[in-house]
Amino acid sequence: MQVASISAEDSRTLAVSPWDKSMVPVIEKAILKSDLGLTPATAGQVIRIPLPPLTEERRRELTKVVRAEAENARVHVRNVRRDVMNELKEMLKEKRISQDDDRRAHEEVQKLTDKHVAEIDHVLADKEKELMQV
């Protein structure tokens, strides 16, 4: 259930604007209990949350998270490739495509898979570099 809008005031501050004034203390308490290490500051109906700079340890944790997400993306790309290859195998078995078309399609699917995996790797490298920058 949504009870507020969240916006970024600047690069280090989030602003939470509850739609119902009575929700301000509830939201503030939830942020404090969230175990995120954030301390909200309430100014009327707006809750401002200053974000502390990242520590070296936190940067390394976030890098691990990014790597895991990249691996999940690679797995999804490979699963799509597997599904397409199985579909091509079925089409060949049912004689809906020729062996030449099957071979060309396999090559094209592999090229697309390699392209997307390389793109994921590139995005991962950029994000890791960004996270480790001080």
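The values are calculated or read from the model by the stated rules, or taken from the named source; none is laboratory data. Because the structure is predicted, anything quoted here is derived from the model rather than measured. Reconstructed Cβ throughout: ideal geometry from the backbone, glycine too, with neighbour counts over all protein chains shown. Side chains are part of the model used for accessible areas, which takes the heavy atoms of the whole protein and leaves out ligands, DNA and RNA. Shrake-Rupley method; radii C 1.70, N 1.55, O 1.52, S 1.80 Å.
Observations
- Those residues of the range 1-38 which are part of a helix (DSSP H, G or I) and not hydrophobic (A, V, I, L, M, F, W, C), in sequence order: Lys21, Ser22, Pro25, Glu28, Lys29, Lys33
- Taking the criterion of being polar (S, T, N, Q) and either farther than 20 Å from Glu87 by Cβ or not in a helix (DSSP H, G or I) (or both), the only residue of the range 106-134 that qualifies is Gln133.
- Residue that is nearest to Asp121 (Cα to Cα), among those in the range 42-77 that are assigned to a strand (DSSP E or B) and open to solvent by less than 50 Å² (accessible area, probe 1.4 Å): Ile49
- Residues of the range 78-107 classified as under 16 Å from Ala118 (Cβ atoms) and surrounded by fewer than 16 Cβ atoms within 10 Å (Cβ to Cβ), total: 2
- All positions within the range 108-134 that are open to solvent by less than 50 Å² (accessible area, probe 1.4 Å) and either of a type outside the set (A, V, I, L, M, F, W, C) or closer than 16 Å to Ala68 by Cα (or both): Thr113, Val117, Ile120, Leu124, Glu128, Leu131
- Of all residues assigned to the range 87-100, none qualifies as being under 30 Å from Leu36 (Cα atoms), at pLDDT 95 or above, acidic (Asp, Glu) and out of contact with any helix residue (DSSP H, G or I) (no Cβ under 7 Å at 6 or more places or on another chain).
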